[in-house]
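Just so it is clear, none of the values below were taken in a lab; they were calculated from the coordinates. Because the structure is a prediction, the values reported are computed rather than measured. Methodologically, a virtual Cβ is constructed for each residue, glycine included, from the backbone with ideal geometry; neighbour enumeration extends over all protein chains shown.
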Amino acid sequence: MGINWESKVLSSVGNVIDNAQHISVSEKYIETVADWLAYEEFGLPKNNKTNKDPDNFIRTTMLINTLNFAFTDFDTSIKYAIERDGQTLSDSEAMFAQVHEAIDSGINLLNGEVLEKLTIEELEKIFKGNIEMPMLKERVEILNVVGTKLVDSYEGDWLNFIKNGPRKLYSNGEGLIERLVLEFPRFNDSSIYLDKEVNFYKLAQLAFWGIHGELAHSDYFRIEDMESMTAFADYIVPVALIVMKITRYSDELEEKIMNGKMIERDSTEEIEIRAASIYATAKLTESVNRRRKDLESLIIPQLDYRLWKHYHATHFPHHLTYTTMY
């Protein structure tokens, strides 16, 4: 399976890479990293809790990716974390665990009617960690709006949305991502750079990668055009790329990030950081695959997960942007 460079996301970042002012991508270091990365084992992400009910797994994954953003305090740069069974779970892994705990305790977060009426006080009780969960107010507002749309259009059930079209990310407007970003604006993760649209679709892609990765082996849910999925432009992958010297920031941008200064949403700096993540991971995936001649080719999300898993708890500073998109 090759990489679809014409996909809605990947094709849109070329304009940014060609005109970037604050970040550069090193073809040399892509090859250097691929020289050793190609020989690692690449698995699929394993969830904190294996769900034997695939329908509920799909519902839970859609819920989680509605909430999967902003886990670092914007003032202190401290990451949200919890302790469970002697282990520290940070950022989204902590959130995954607490969502499952809430559902197990009887709070049916999988139901649109419950989401529609959820209060900030109820969410505060669900998310108790080392710090207050960042952007709680925004999270409640998002869940309320998503809940209302689910109730109005899909009988309160994500499963009805999933079943309402083909199992493709893109399909002449009927694909999973196309419908999701249109019907649920919280997933419409796009920016404008030099008068052209750049599509990131971080959470939309991540939701369907989670479902595909868990269920494709059973044929219960298999996305047919996974070659059109890219990396998930977030805070963590840029750190991995910087540490590996695949990307390099301007002195001004590096100073901002190292000192925890805010990078504004939709600024040229923020767009360039995210676009470079998508472009560099696609190039690195191609480079790795050239070295894995007799093995099954990787798809970009597998490489993304390898980078995220190794660096999501790192102490190396990442950029900070006040956004609900990642």
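Listed values, structure above:
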{"item": "Residue check for Ala216: on the phi < 0 side of the Ramachandran plot, in contact with a Lys or Arg (Cβ under 7 Å, 6 or more places away or on another chain) and not β-branched (Val, Ile, Thr)", "result": "yes"}
{"item": "Filter pass, Asp304 being surrounded by 14 or more Cβ atoms within 10 Å (Cβ to Cβ), within 17 Å of the chain's Cα centre (by Cα) and in contact (Cβ under 8 Å) with a residue 60 or more places away in the chain", "result": "yes"}
{"item": "Selection within the stretch 99-116 - of a type in the set (S, T, N, Q) and either crowded, with 21+ Cβ neighbours inside 10 Å or closer than 20 Å to Lys149 by Cβ (or both)", "result": "Asn108, Asn111"}
{"item": "Residue in the stretch 184-200 that is over 30 Å from Ala276 (Cα atoms) and not acidic (Asp, Glu) present", "result": "no"}
{"item": "Residue count, the stretch 66-92 (criterion: buried (at least 20 other Cβ atoms within 10 Å of the Cβ) and among the acidic types (Asp, Glu))", "result": "1"}
{"item": "Condition broken by Phe316, with the remaining ones in (1) of a type outside the set (D, E, K, R); (2) surrounded by fewer than 17 Cβ atoms within 10 Å (Cβ to Cβ); (3) within 16 Å of the chain's Cα centre (by Cα) satisfied", "result": "(3)"}
{"item": "Enumeration of residues in the stretch 133-175 that are assigned to a helix (DSSP H, G or I), free of Cβ contacts under 8 Å to residues at least 24 places away in the same chain and surrounded by fewer than 17 Cβ atoms within 10 Å (Cβ to Cβ)", "result": "Leu136, Lys137, Glu141, Asp152, Asn160"}
{"item": "Any hit, the stretch 125-132, residues being over 15 Å from Thr323 (Cα atoms), in a helix (DSSP H, G or I) and either within 20 Å of the chain's Cα centre (by Cα) or without any contact (Cβ under 8 Å) to a residue 24 or more places away in the chain (or both)", "result": "yes"}
{"item": "Boolean, Arg292 is surrounded by 14 or more Cβ atoms within 10 Å (Cβ to Cβ), more than 20 Å from the chain's Cα centre (by Cα), in contact (Cβ under 8 Å) with a residue 60 or more places away in the chain and under 26 Å from Ser190 (Cα atoms)", "result": "no"}
